[in-house]
Each structure stands twice: as C-alpha cells, then as structure tokens.
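Note sheet for the following structure.
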Amino acid sequence: AMAAVPPYQGRQLVTYVLDGSAKVTAAVDAVTGALGAGLDRFSLKVGPADRLIDIPQWLRAIHDAEFVITDSFHGTVFSI
C-alpha cells in the first residue's frame, strides 16, 4: 500500500501545460510574477520529468494548489 501524501502547506501554483512554447512559458512567468512572492511553482510535466510522481501525488498537487494554469482538458477537469 502507498503512503498517503500529506497536503502542501504553502501557496502553490501548479502548471500542467502541454504546449511548452516560448509564448506559453512567458505567460506562465507573467502570471507567477503577478501573483507575488511566496508562491511555490510546481510543474506537472508530460513525459520525462526531473521528478516523477505517482497518480495520487499528481492529483494532490492540483488539489492543494492555490492556482492552476493548464491548457489541457483533463487539467481543467481535475482543477474544477
């Protein structure tokens, strides 16, 4: 059995972006800057990632996020 993932304790912005173009990256950077200091940015990447997480952790990251930026139908549904 997998251990429960504890809730995130800070202000978190989660990004789940399928289009990694420079334009989208600039938009995410602008939103991050507008939201102010003290915001931890966490990226849910598709494909090889720096840090692999399991499905419960992926869902927990969205659940605990104060803000979510996504261009994905599934990212939108899970955010709602």
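The values are calculated or read from the model by the stated rules, or taken from the named source; none is laboratory data. These numbers were taken from a predicted model, which means no experiment stands behind them. Virtual Cβ from ideal backbone geometry, glycine too; neighbours counted across all protein chains shown. Quick note on the areas: whole protein, heavy atoms, side chains included, nothing else; ligands and nucleic acids left out. Shrake-Rupley method; radii C 1.70, N 1.55, O 1.52, S 1.80 Å.
Provide the solvent-accessible area of Thr76, counting protein heavy atoms only and rolling a 1.4 Å probe, rounded to the nearest 10 Å².
60 Å²
Under a 1.4 angstrom probe, counting protein chains only, how are Leu13, Leu59, Leu18 ranked by accessible area, largest first?
Ranked list, largest accessible area first: Leu18, Leu59, Leu13.
Count charges around Ile62 for me, please; just the other residues with Cβ under 15 Å from its Cβ, Lys/Arg as +1, Asp/Glu as -1.
Neighbourhood net charge equals -1.
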